[in-house]
1. Could you check residue 268 against (1) buried (at least 19 other Cβ atoms within 10 Å of the Cβ); (2) under 18 Å from residue 69 (Cβ atoms); (3) aromatic (Phe, Trp, Tyr) and say which number it fails?
2. Within region 267-285, can one find any residue that is within 30 Å of residue 157 (Cα to Cα) and small (Gly, Ala, Ser)?
3. Mind listing whichever residues of region 184-196 are out of contact with any Lys or Arg (no Cβ under 9 Å at 6 or more places or on another chain) and either within 20 Å of residue 322 (Cα to Cα) or without any contact (Cβ under 8 Å) to a residue 60 or more places away in the chain (or both)?
4. Out of curiosity, is residue 131 closer than 25 Å to residue 210 by Cα, part of a helix (DSSP H, G or I) and not aliphatic (A, V, I, L, M)?
5. Please pick out the residue among 296, 257 that is under 23 Å from the mean Cα position of the chain (by Cα) and either closer than 30 Å to residue 54 by Cα or not polar (S, T, N, Q) (or both).
6. Go through 308, 318, 290 for me and flag whichever is outside any strand (DSSP E or B) and either of a type in the set (A, V, I, L, M, F, W, C) or in contact with a strand residue (DSSP E or B) (Cβ under 6 Å, 6 or more places away or on another chain) (or both).
7. Against the condition surrounded by fewer than 20 Cβ atoms within 10 Å (Cβ to Cβ) and touching an Asp or Glu at 6+ places or on another chain (Cβ under 8 Å), how does residue 240 come out, does it pass?
8. Would you check if residue 192 is aliphatic (A, V, I, L, M), in the same structural domain as residue 324 (by TED's automatic domain parsing) and within 19 Å of the chain's Cα centre (by Cα)?
Amino acid sequence: MSGDRQADRQSGLALVLTLLTISFLVAVTVRLMITVDRQITVATVQSEQVRLDGMVLAGLNLARAALAADQQENTFDSSHDAWGTLDPDRLSSLTGEVTLRVAVSDLGGRLQVNALGSGAKEEYRQIWLRFLLSGRFAVAGADEAEDLLDALADWIDEDDEERHGGAEAAYYQGLSPPYSCRNGPLSTMEELLLVKGMTRAILFGDAEHEGLIDYITVAGDNGAVNLNAAPLPVLEALSPEMTPKLAQELIDFREDRQHVKLLAQPGWYREVSGFPAAIEFSNDLLVVAGQYFEVRVTAAFHQFSRTGTGILFRGEDGRQTLLSWKPE
């Protein structure tokens, strides 16, 4: 009997060891499967990201090609041009399962921050004042608007002479933490938040106001405004007599394809039916061709997506320079 009990004990111990071994192997296998599954997922994500990055760059090159082709076709720019009509449905025939969206914006219609330096014309400053005081932005009144323009001009110009409401190196060095005044052109929109008087509410908007960011640019410094691309708040600021209604009539006119040929000359606003003869825009400031363009490309496939945003400079000789490129 003792021999049988000994054998039973050994069999039971062997069974327990076998079960423990099996449990250990199952745990290791499950762990390995989880690790492999994660690695496969990571590899899939990386593979799709690489693929989508390639598609985003392809979208950028497509925009560049459209801008080059348009420059060969005519000497002015409008939303009717090839770069302004890159339809996602038409692009799908080229990209297959990947959804590609390419949006090109003519920055020439925006107000140029870097044109507010020491060489700025008083007429251009007045346009900025009307723009800031339109009621759309978180600017309290004329004094705040004047001071903000002074501060922007001081930030941009190379001297250390402080304007009435502006600020130079001494002011910025007295802050905590201190930093230097640029004394040169701004390179990014976010840099505006370093300028005295500029707030996030003014730049980006708040619950009650729009932000400046959609209507201004750090690209360019000659103060030119492309009448064919200017948004409504900029159009409204071009003259003291302008109203939102008149600005919208200009937009409606230029978006009508039958008026495309008229957009070749900056005086086309005179062709708008009922436009007041007393309103005269400055010929020195108006243009109809853009030099700086924002290109935003998004490529998406199932749950994956990649986006890139860049600023392109297109010279009169047709040469293009990618000034910035920011993948997201």
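The values are calculated or read from the model by the stated rules, or taken from the named source; none is laboratory data. Quantities reported herein were computed from a predicted structural model and do not represent experimental measurements. Using ideal geometry, Cβ is built from the backbone for each residue, glycine included, and neighbour counts are taken over all protein chains shown.
1. Evaluating residue 268 over (1) buried (at least 19 other Cβ atoms within 10 Å of the Cβ); (2) under 18 Å from residue 69 (Cβ atoms); (3) aromatic (Phe, Trp, Tyr) leaves (2) as the failure.
2. Checked against the condition, which is being within 30 Å of residue 157 (Cα to Cα) and small (Gly, Ala, Ser), region 267-285 yields at least one hit.
3. Within region 184-196, 184, 185, 186, 187, 188, 189, 190, 196 qualify.
4. Here the answer is yes, as residue 131 does meet what is asked.
5. Being under 23 Å from the mean Cα position of the chain (by Cα) and either closer than 30 Å to residue 54 by Cα or not polar (S, T, N, Q) (or both) holds for just one of 296, 257, which is 296.
6. Matching residue, one of 308, 318, 290: 290.
7. It is false that residue 240 is surrounded by fewer than 20 Cβ atoms within 10 Å (Cβ to Cβ) and touching an Asp or Glu at 6+ places or on another chain (Cβ under 8 Å).
8. No; evaluated as a whole, the condition is false for this residue.
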